């Protein structure tokens, strides 16, 4: 059938005559609604309370009683806080005084503080995280601690975040725990929220190994991976991922160390221990080389007798101490097995023959053990090296070192006097080494762009 233009236009004209007014009304209404919607979206959408959650992954098996410092420090403050060199500074306690014997501490608290649930902070409402200490609260802004013995690191211990009595994790902060996710007795996730910005959340997810955390980052389960000690992933590196940024820092809270069994029939000879220390590599790719038991940032750090490397002197001492009779074994965990092999190979080139063994836990008996220790925030390392301590895994027994550690801990609370003791402690410890201090590990934070 041929197209009839005249009929077509007649039909259009009849349709508009009948429905045109209604069509115009709907058209105007739709156009008005469209522009009104644009106005509402551009005006009010930015003001809508959209929730933003950043997920940070951390390695560690965590319970509700052992949350990491990075979480606890957001939930509360301590009576004191620590300067970069580890010295105690005022925080919740604006000032304090000590008795002459260093056993009684009187703290004066800052006024006008509130717990995260809105209740005022008073001395009697603070949970005391110490045992065997007498506590008095003469008024709302004063708290008195009486120790059984003088303990110089006590002000450093007071930097631990404090919480309200009988109220779990209600601290002196605007941040609270919004949610816990448990996997049996372990915490798999904890979410924090601030009362000042309740729609901006931070979730910490905990993973058993670095490999598990790295995979979670690649899969997008976390926005950031913190505390990674190397950037490798499968056969490549995270530096090759264009959507990730990396930040490097040195972890001065951990010290990778080669411990000697000072009661071993070979390693009881100071010359052999010194020889093994002198013939170690000059540097390590995994961290910043250490010169002693303290980080360079510590107020007690001293360079009077730094641990050094001298291959010629070391080989001479090794020959004098052992000849060809020393039968040496280095024990380590899987975490440091690659480093252990590096040390064994390095010594092997110097004709110092050492056998490497790997174990999952610290053995009861060893000759040399490659591991690490947590560096105390105070320079007091009494539990590591004093002859009476169970944690003294090197079985080190030095009356001089014992006395210096005792004096630094309990003879005085004056920082200048304590520094003298710890200066001598470093000098004599590195002169008669129960351990070789290798490095403070590098730590990486990897963030998704």
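The values are calculated or read from the model by the stated rules, or taken from the named source; none is laboratory data. These figures come from a predicted structure and were not determined experimentally. FYI the Cβ positions are ideal-geometry reconstructions off the backbone, even for glycines, and counts take in every protein chain you see.
Counting only strands (runs of 3 or more DSSP E) that sit completely within the stretch 42-109, those holding 3 or more residues that are at pLDDT 95 or above and closer than 30 Å to residue 221 by Cβ correspond to 52-59.
Is one or more of the residues making up the stretch 172-182 touching a strand residue (DSSP E or B) at 6+ places or on another chain (Cβ under 8 Å), surrounded by 12 or more Cβ atoms within 10 Å (Cβ to Cβ), in a loop (DSSP other than H, G, I, E, B) and at positive phi? No: the stretch 172-182 contains no residue that is touching a strand residue (DSSP E or B) at 6+ places or on another chain (Cβ under 8 Å), surrounded by 12 or more Cβ atoms within 10 Å (Cβ to Cβ), in a loop (DSSP other than H, G, I, E, B) and at positive phi. Looking across the stretch 353-367, just one residue is surrounded by fewer than 19 Cβ atoms within 10 Å (Cβ to Cβ) and touching a residue at least 40 places away in the same chain (Cβ under 8 Å), and that is 365. Of the residues 276, 280, the single one that is part of a loop (DSSP other than H, G, I, E, B), in contact (Cβ under 8 Å) with a residue 24 or more places away in the chain, assigned by TED's automatic domain parsing to the domain that holds residue 306 and closer than 30 Å to residue 329 by Cβ is 280.
Give the number of residues within the stretch 115-154 that are in contact (Cβ under 8 Å) with a residue 24 or more places away in the chain, outside any loop (DSSP other than H, G, I, E, B) and within 24 Å of residue 383 (Cβ to Cβ). Number satisfying all stated conditions: 3. With the requirement that a residue be assigned to a loop (DSSP other than H, G, I, E, B) and more than 25 Å from the chain's Cα centre (by Cα), what does the stretch 392-417 give you? Those that are assigned to a loop (DSSP other than H, G, I, E, B) and more than 25 Å from the chain's Cα centre (by Cα): 394, 395, 396, 397, 398, 411, 412, 413, 414.
Every condition in (1) part of a helix (DSSP H, G or I); (2) farther than 30 Å from residue 429 by Cβ holds for residue 271 except the one numbered (2). Checked against the criterion of being under 22 Å from residue 392 (Cβ atoms) and touching a strand residue (DSSP E or B) at 6+ places or on another chain (Cβ under 6 Å), the stretch 243-253 contains not a single residue that satisfies it.
Within the stretch 247-256, being farther than 17 Å from residue 285 by Cβ and in a strand (DSSP E or B) holds for one residue alone: 247. So which of 346, 396 ends up being surrounded by fewer than 16 Cβ atoms within 10 Å (Cβ to Cβ), farther than 24 Å from residue 85 by Cα and in contact (Cβ under 8 Å) with a residue 40 or more places away in the chain? None of the others qualify; the one that does is 346. Per the listing 192, 217, the residue uniquely at pLDDT 95 or above, surrounded by 15 or more Cβ atoms within 10 Å (Cβ to Cβ) and not in a strand (DSSP E or B) is 217.
Counting only residues that are farther than 21 Å from residue 298 by Cβ and part of a loop (DSSP other than H, G, I, E, B), the stretch 369-391 holds 3 of them. Across the stretch 411-427, the number of residues qualifying as without any contact (Cβ under 8 Å) to a residue 60 or more places away in the chain and surrounded by fewer than 19 Cβ atoms within 10 Å (Cβ to Cβ) comes to 4.
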